Amino acid sequence: MSRVSGYVGKGIPMIDAARFTQGRGRYVNDLPFSDLAQIAFARSTEAHARITRLDVSAAREHPGAIAVITAADLEGRGILVNRYWGGWRGTATADYFPLARGKVRWVGEPVAAVVASSRYIAEDIAELIEVEYETLPAVVDPEESLATKDTPLYEEWGNNLYYHQDFEGGDVEGAFANAAGVVKRRFSAQRHTGTPLETRGIVAHWDGALRELRLHANWQDVFLARAVISKVLDLPQSKVHITAPDSGGGFGVKLPVYPEELAACAISIYLERPVKWIQDRQEDLLGTSQHRDLIIDAELAHDGEGKILGLKAGILSDAGAYGVPARGNTVEGMMAAEDIVAAGHDIPAYAYDLNVVMTNKPPTCVYRGVAQPVTIFVLDRLLDEVAKATGIDRREVRRRNLLSPDRFPYTCMTGNYVIESGSYVEALERALDLIDFDNFEAYRAEMREQGRYVGLGISCGGEALARGATWYGVRGLPISGQEGCTIKIDSYGNVHAQFGTTRQGQGIETTLAQLVADQIGVDIARVTVGMGDTAVSPYGAGAWASRQATLGGTAAVMAAGKMREKLLRIAAFKLECAAEDLVFEDGKAYVKGNPSTAITLEDIAHSAYFTASELPDDIEPTLEETAHFDPPSATFANSVHAAVLEVDPATGQITFHRYVVVHDCGTVINPMIVEGQIYGGTAQGIGGTVYEHSVFDQQGQPLATTFMDYLVPTSHDVPKIEMAHIESPSPYTALGIKGVGESGTVFAPAAIATGVADALGVEVNRLELNPSKVYELLQQANGANGGGSA
Amino acid sequence: MTLAVNGEQRTAEVEDRKLLLDTLREDLKLTGAHPGCEHGVCGACTVLLDGEPVRSCLMLAAQAEGHQIETVEGLSGGNGLSELQQAFVDNLGLQCGYCTPGMLLTAKAFLAENLNPTEEQARDAISGNLCRCTGYDGIVRSILAAAAANGGGDR
């Protein structure tokens with residue numbers, strides 16, 4: 001299946017960009033509905049407490065109050081029938097409710113909901129709600145959480161352990177016993193989050209007569225949301241219709257079904273009227289999922305010549321306060337555990353021990369890159385330490401461990417991944433040539449003479465993307481590891497392709513339109529693309545793991561192939577020839593060498609829809625084809641980021657002199673969109689390393705709840721990136737497509753961390769490199785150099 | 001109250017405390033200005049007030065009476081896309097589009113004063129507008145392309 005012509009490989013602009021420049025986006029907060037009531041939540045001000053008094057009577061008396069709703073009200077009506085809790089097989093579970101019942105477990109947890117005609121009035125009323133708490137000890141530190149049995153978040157558990165998993169494969173004992181050296185370090189990364197510029201939001205409309213729930217929400221996976229909501233509310237999925245409107249960014253944080261959205265559904269049912277909730281930024285920083293909060297105790301055994309013999313990892317992941325549906329909170333920890341040996345290095349022996357523990361913070365779910373920014377950091381740092389210990393240079397150490405092409409297909413140690421193709425070594429060489437690695441010491445010396453500290457950071461490896469059913473479905477979760485495409489050609493010959501994917505600005509509708517136009521053989525102007533609508537989309541799973549072009553694209557090629565075959569059969573019949581004798585291009589079919597015989601797509605469509613009586617019996621009427629692609633457990637892209645950066649000894653600030661990315665996402669469909677993804681991902685990788693931190697005090701009070709404390713990178717913080725591309729097609733996907741969306745976020749942190757380590761001559765073992773942390777490292781460097789000024 | 005928006009007189013009846021942002025969006029149905037933080041940092045709510053970029057989330061609607069307000073809906077003057085808007089389309093100046101109205105208006109005010117900006121100047125001009133998708137490069141290139149289309153040479 002590879003017909004490449006016309007559009008694939010071209011950097012065409014996004015097909016509907018124009019309306020966004022005119023302010024004609026249709027985000028959930030823009031959708032016009034009449035008679036919508038608005039919801040505001042009263043939220044917990046305590047991180048861990050029993051609710052001793054909840055009094056909504058004053059709130060209910062406010063003249064603007066349509067309703068004030070508590071958990072007791074919803075329970076009294078029996079609206080939430082089944083458990084609301086997320087997590088795959090083997091995770092601990094609890095009877096969690098989307099409005100607090102008896103206990104609160106994180107600052108910001110919704111305690112009651114106010115419904116009024118405007119958000120202004122609803123917030124006024126929320127302030128009248130009276131809550132009293134009996135404070136319980138908050139657990140904020142994951143190591144403390146793992147150790148303690150006192151006042152666990154879920155008393156019935158007796159502790160805070162949400163999930164444990166361990167593994168051993170290959171001769172780990174032998175690898176470590178025979179090693180020439182072992183590098184052992186504790187690595188960690190600070191908690192931070194995605195903060196899409198558009199916050200979460202939902203419009204929920206329950207029609208009590210038809211018993212149908214109609215939702216508009218900027219979820220990244222409408223099918224997951226439908227599965228959770230229909231289960232919790234005990235409705236058939238056919239009676240829950242979800243549409244994802246335009247979305248102002250997702251990055252993974254709009255995948256969960258959070259308490260507020262489920263509460264909005266329940267409230268619409270309770271009141272039998274449409275309701276709307278739009279999250280504000282403070283609520284986002286209080287309650288949207290947070291990530292990267294990992295401690296990894298890693299040990300690497302090497303042979304004295306730079307080659308990895310074995311790896312051990314003790315991983316602790318901070319899960320937050322409740323299991324968020326549907327994924328739950330293990331993905332960060334589990335991907336740290338498994339993907340560290342699936343990053344393109346040859347690791348013949350591996351053992352891990354993973355613990356995921358609850359704390360009094362918002363839940364941990366998935367954010368662009370998921371764990372891989374931390375595991376790549378661990379690997380690159382370990383390799384740099386091996387380089388130091390053995391005197392082998394940093395380039396050579398990486399070269400000796402990265403997979404060369406003769407190693408594919410390479411089965412990773414945990415047995416569930418096969419790296420099928422890639423340019424791991426080639427990309428490394430290309431990047432280090434581009435950044436002039438061989439002459440860097442001269443540049444460093446030149447800068448040092450001016451009293452300036454520069455370093456060269458290197459991060460390299462691959463990412464497991466576009467996961468199949470083995471990751472979630474086989475573990476018991478209603479998350480689909482496949483993707484489908486339905487192509488319909490209407491009776492006038494216009495092509496419409498419908499997908500279960502969703503769009504958050506990554507240009508997926510453009511990418512898919514390019515594929516469909518090429519595969520069928522029509523002008524892209526005749527192709528429309530729809531997605532994210534449970535009523536008309538083929539069952540899918542939306543945006544995560546850089547999967548939509550790979551899986552949606554392959555399904556599109558499969559469906560388009562079926563459609564094209566049918567079009568040719570009908571055309572062949574009408575032109576009284578064999579299908580092989582036909583040319584189909586630019587929306588017309590004609591006998592080879594005789595374009596005057598041409599009939600149009602509209603002619604063919606008219607036959608299929610209205611005169612099927614004149615077609616052979618084995619051609620079914622209408623033009624509609626569906627295909628679903630069931631992928632392997634993952635496909636693998638690879639990247640190298642190389643950065644020359646400077647550390648200011650007075651301020652601890654980092655500036656980039658050069659930033660190089662060499663990137664391989666297989667066959668490129670739209671190079672402009674690919675570059676945009678790398679830029680955006682790198683910006684988030686920089687933000688998550690240098691600027692962004694979801695900070696909590698010892699009582700579990702969040703300290704970064706506005707953009708004045710939670711710092712998102714500005715235009716001054718993202719360097720110009722020199723990009724080079726390699727294409728190693730995947731043998732599993734149509735046209736060899738692989739994913740690109742997360743690579744910037746995965747590789748930037750390690751490039752920065754190894755660069756700072758190189759600049760200062762110190763170890764950097766924590767991915768929290770804001771100026772004050774860098775300043776601490778500078779003090780260390782000075783101490784190591786015997787004091788004196790930097 | 002009466003607000004002068006995109007050259008038209010528009011009337012609305014709103015509470016004293018209603019923000020300009022919410023009035024534009026809910027009462028005047030101009031949903032191009034977006035709430036991103038409601039505390040003046042992100043710039044998604046940016047509109048032009050007498051030609052200068054302001055945060056409509058930090059203004060009351062009442063404060064805007066008597067001033068000329070320009071929103072993204074007024075950019076093309078009813079004629080398809082302006083050169084600036086087209087430059088954003090052609091140079092991947094947007095991905096999700098949520099920051100885009102604020103970026104466009106900020107850029108418009110900047111280009112009115114800077115006909116031939118350097119890349120550094122263009123980058124600085126948008127440093128008060130957050131974007132979470134593009135990494136800013138496409139936006140800077142779009143602004144420079146718009147400047148060039150308007151006769152500003154290469155710098």
Rounded to the nearest percent, how much of the accessible area of chain B (1.4 Å probe, protein heavy atoms only) is carbon and sulfur? 45
Give me the mean projected area, in nm² to one decimal, of the convex hull enclosing the Cα positions of chain A. 36.6
What distance in nm lies between label points placed 7 Å from Cα along the C-beta direction at A:Tyr492 and A:Arg26? 1.8
Accessible area per residue for the range A:495-589 in Å², computed with a 1.4 Å probe and the full protein assembly in place, what is it? 28
Positive-pole candidate from A:Gln504, B:Gly128, A:Leu285, dipole of the protein assembly as shown, charges at beta carbon: A:Gln504
Which residues, if any, in the range A:163-198 lose at least 40 square angstrom of accessible heavy-atom surface (probe 1.4 Å) when the other protein chains sit next to their chain rather than the chain being alone? A:Leu197
The FRET efficiency for A:Thr655 and A:Lys388, from their Cβ-Cβ distance with R0 = 25 Å and rounded to 0.05, is 0.50
Accessible surface buried once A binds B (1.4 Å probe; total of both sides; Å²): 4100
What are the ³J(HN,Hα) couplings of the range A:126-143, residue after residue, when phi is run through the Karplus curve with 6.51, -1.76, 1.60 and θ = phi - 60°? Round to Hz, x for glycine and proline. 4, 5, 8, 6, 9, 10, 10, 10, 9, 5, 10, x, 8, 10, 10, 9, x, 5
Accessible area drop of at least 20 Å² (1.4 Å probe, protein heavy atoms): which residues of the range A:100-135 qualify, relative to the chain alone? A:Tyr120, A:Asp124
With a Förster radius of 25 Å, plug the Cβ-Cβ distance of A:Asp630 and A:Thr411 into 1/(1 + (r/R0)^6) and report the FRET value to the nearest 0.05. 0.80
Return the whole-Å distance between the Cα centroid of the range A:152-170 and the Cα centroid of the range A:274-314. 17
Give the relative contact order (percent, whole number) for the range A:608-668; include only Cα pairs under 8 Å separated by 6+ residues. 26
If you fit an axis through the alpha-carbon atoms of helix B:137-149 and take the longest principal axis of the Cα set of chain B, what angle between them do you get, 0 to 90°, nearest 10? 80
Keeping every protein chain present and rolling a 1.4 Å probe, give me the accessible area per residue for the range A:1-151 in Å². 44
Tell me, what ³J(HN,Hα) does each residue in the range A:211-226 have, in order and in whole Hz, if you take phi through Karplus 6.51 cos²θ - 1.76 cosθ + 1.60 with θ = phi - 60° and put x for Gly and Pro? 6, 10, 10, 10, 10, 10, 7, 7, 5, 7, 9, 6, 6, 4, 4, 5
Under 14 Å from the Cβ of A:Asp630, count the other residues' Cβ atoms, weight Lys and Arg +1, Asp and Glu -1, and hand me the total. +1
Whenever you get a sec, compute what percent of the accessible area on the range A:713-790 sits on carbon and sulfur atoms (1.4 Å probe). 48
Given the C-alpha atoms of the range A:459-541, compute the convex hull and give its volume per residue in Å³. 140
Could you work out how much longer the chain between A:Glu155 and A:Thr622 gets when fully extended? Use 0.36 nm per residue separation minus the Cα distance between them, nm to one decimal. 162.2 nm
Contact order normalised by length for the range A:198-356, with contacts defined as Cα pairs under 8 Å and 6 or more residues apart; what percent is it? 22
Relative to the present Cα-Cα distance, how much length would full extension add between A:Glu212 and A:Glu565 at 0.36 nm per residue of separation? 123.2 nm
Karplus 3J(HN,Hα) series, Hz, for the range A:400-407 with 6.51 cos²θ - 1.76 cosθ + 1.60 (x for Gly, Pro): 6, 10, 6, 6, 8, x, 6, 8
Minimum 10 Å² accessible area buried by the other protein chains, the range A:249-281 residues, probe 1.4 Å, relative to alone: A:Phe251, A:Asp280, A:Arg281
The range B:51-87 to the range A:54-86: how many Å between their Cα centroids? 41
Where the range A:311-361 is the region considered: accessible area per residue in Å², 1.4 Å probe: 8
For a quick check of understanding: with a 1.4 angstrom probe and all protein chains in place, what accessible area in square angstrom does A:Lys307 have, to the nearest ten? 40
To the nearest Å, what is the center-to-center distance of the range A:508-537 and the range A:422-452, using C-alpha atoms only? 43
Quick check: at a probe of 1.4 Å, how many percent of the accessible area of the range A:531-646 sits on carbon and sulfur atoms? 49
Value of [θ]222 nm, deg cm²/dmol, for chain B, DSSP H segments ≥ 4, -39500 (n - 2.57) each, nearest 500: -8000 deg cm²/dmol
Determine the dipole magnitude for the range A:359-501: charges of +1 sit on the beta-carbon of Lys and Arg, -1 on that of Asp and Glu, nothing else is charged, the reference point is the Cα centre, and the result goes in debye to the nearest 20. 600
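The values are calculated or read from the model by the stated rules, or taken from the named source; none is laboratory data. Remember, predicted model here, so these are calculated numbers, not experimental data. Cβ: placed from backbone, ideal geometry, glycine included. Neighbour counts: every protein chain shown. In case anyone asks, the SASA skips ligands and DNA or RNA and just uses the protein heavy atoms, side chains included. Shrake-Rupley method; radii C 1.70, N 1.55, O 1.52, S 1.80 Å.
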